[in-house]
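**Student:** Here it is: the structure, laid out below.
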Amino acid sequence: MTSALRVLIVDDEPLARLRLSSLVQECADPPCRVAGEAGDPASALAWLAAHDADVVLLDIQMPGASGLQLAERLRTDAAYAGRVGAIVFVTAHGEHALHAFDVEATDYLTKPVRRERLQQALKRAAQRLAAPAAAPEDDGGVVVVNERGRVIRVPVSEVLYLKAELKYVTLRTASHTHLLDESLTELEPRLAGRFIRIHRNALVAKRAVRALERRALGTDDGEGGEGWAVRVAPTDEWLAVSRRQLPAVREALAGDAL
């Protein structure tokens, strides 16, 4: 984006609005400006009836309607269609994170907000606003990751594979590895049709598979062996395919003309 992001701050605490305003004005990448402030959801709706905001920095617990209710109103009420580009929740309460992403929030920050973390959220919002054509790819949903106090939304379209290891499931994208608390059994129904079960401990995105071959594979006891494996792009990792899943994997890949 070439112009500064227009930011609306919605928080019932004047000192919180003052701090956020100062942090927004310090943000140079992306360039931002505070376009307005509101102390409650009703005032925010009144402001948005006459103005547009690229980003709304939104508290959750406020007098009257909550920030979650305001976000849902902005998402579903035709009167506010196109008024708000992205919503970033800023709250002292971390337990609302999953509900926040149900209303399509771009990010979720916990107070006290660090300047670097706010800048990261604003940059994510700017990228979302700058690439509206990419939105249809996000129809596949997201996987929510709770990681070191942060809540991260990973688009399913970016996931290469999910692999169960010890107590956790590893989620792999082209550039990052995340740990999930959910099991493969819980995740598999949400990914049906787009991912293949290649082993009792692994699901792989069909679009990421580049080859199915017999090759030498290491085993958990350190002994070598030969078996079937799929090559995952763009990381070029080889993941073992169990004999039980091999027919289903072949059928799925043939059906996709791979």
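**Student:** How many angstrom lie between the Cα centre of the stretch 44-69 and the Cα centre of the stretch 148-199?
**Tutor:** What the calculation gives is 33 Å, centre to centre.
**Student:** Tell me the label-point distance for the pair E72, R243, using the 7 Å Cα-to-Cβ offset, in nm and rounded to one decimal.
**Tutor:** For the pair E72/R243, the computed spacing is 5.3 nm.
**Student:** Relative to the longest principal axis of the chain, what angle (0 to 90°, nearest 10) does the C-alpha long axis of helix 67-76 take?
**Tutor:** With rounding to tens, the tilt is 80 degrees.
**Student:** Compare H176, H93, H199 in a GNM of the chain, Cα atoms joined below 10 Å, and give the one with the largest fluctuation.
**Tutor:** Result: H176 has the largest fluctuation of those listed.
**Student:** Using +1 at the Cβ of each Lys and Arg and -1 at the Cβ of each Asp and Glu in the chain, identify which of P31, G227, L118 lies farthest towards the dipole's positive end.
**Tutor:** Positive-end residue among those listed: G227.
**Student:** In sequence order, what are the phi-derived ³J(HN,Hα) couplings for the stretch 24-32 according to the Karplus relation 6.51 cos²θ - 1.76 cosθ + 1.60 with θ = phi - 60°, rounded to whole Hz, with x for glycine and proline?
**Tutor:** Taking θ as phi minus 60°, the curve returns 4, 5, 7, 6, 9, 9, x, x, 9 Hz for the stretch 24-32.
**Student:** Here is a follow-up. Taking only Cα atoms, what is the 0 to 90° angle, nearest 10, from helix 115-130's long axis to the longest principal axis of the chain?
**Tutor:** Once rounded, the angle reads 80 degrees.
**Student:** Determine the dipole magnitude for the stretch 1-82: charges of +1 sit on the beta-carbon of Lys and Arg, -1 on that of Asp and Glu, nothing else is charged, the reference point is the Cα centre, and the result goes in debye to the nearest 20.
**Tutor:** It comes to approximately 140 debye.
**Student:** Looking only at E182, E147, E226, which one moves most when the chain is put into a Gaussian network model with springs between Cα atoms under 10 Å?
**Tutor:** Of E182, E147, E226, the most mobile in the Gaussian network model is E226.
**Student:** To the nearest 20 Debye, how big is the dipole of the chain about its Cα centre, given +1 on the beta carbon of each Lys and Arg and -1 on that of each Asp and Glu?
**Tutor:** Around 560 debye, computed over the chain.
**Student:** Only bridges with both residues in the chain count here: give the DSSP antiparallel percent, nearest 5.
**Tutor:** 65 percent
**Student:** Would you mind getting me the FRET efficiency between A130 and E188? Use the beta-carbon distance for r and R0 = 41 Å, nearest 0.05.
**Tutor:** 0.75
**Student:** Suppose R0 equals 25 Å; then what is the FRET efficiency for Q120 and S22 from their Cβ-Cβ distance, rounded to the nearest 0.05?
**Tutor:** 0.90
**Student:** Now a separate question. Near K111, which lysines are there with a Cα under 27 Å away, not counting those fewer than 8 places off in the same chain?
**Tutor:** Within reach: K123.
**Student:** Just check the stretch 156-198 against the gyration tensor rule for me: Cα atoms, a ≥ b ≥ c as the square roots of the eigenvalues, rounded for a/c under 1.5, and otherwise prolate or oblate depending on whether a/b exceeds b/c.
**Tutor:** Judged from the Cα gyration tensor, the stretch 156-198 comes out oblate (a/c at least 1.5, b/c at or above a/b).
**Student:** Please check: in the Gaussian network model of the chain (C-alpha springs, under 10 Å), which one of A202, A81, A71 has the largest mean-square fluctuation.
**Tutor:** In this elastic network of the chain, the residue with the biggest mean-square fluctuation among A202, A81, A71 is A81.
**Student:** Follow-up. Using only alpha carbons, build the gyration tensor for the chain and give me the equivalent ellipsoid semi-axes, biggest first, whole Å.
**Tutor:** 43, 18, 16
**Student:** Here is a follow-up. If the cut-off is a Cα-Cα distance under 18 Å, which lysines reach K163, setting aside same-chain residues fewer than 8 apart in sequence?
**Tutor:** Hits, sequence-local ones excluded: K206.
Coordinate-derived values only; no laboratory data. Treat the numbers as computed from the prediction; the structure is a model and nothing was measured. Cβ sites come from the backbone with ideal geometry, for glycine too, and all protein chains shown count toward neighbours.
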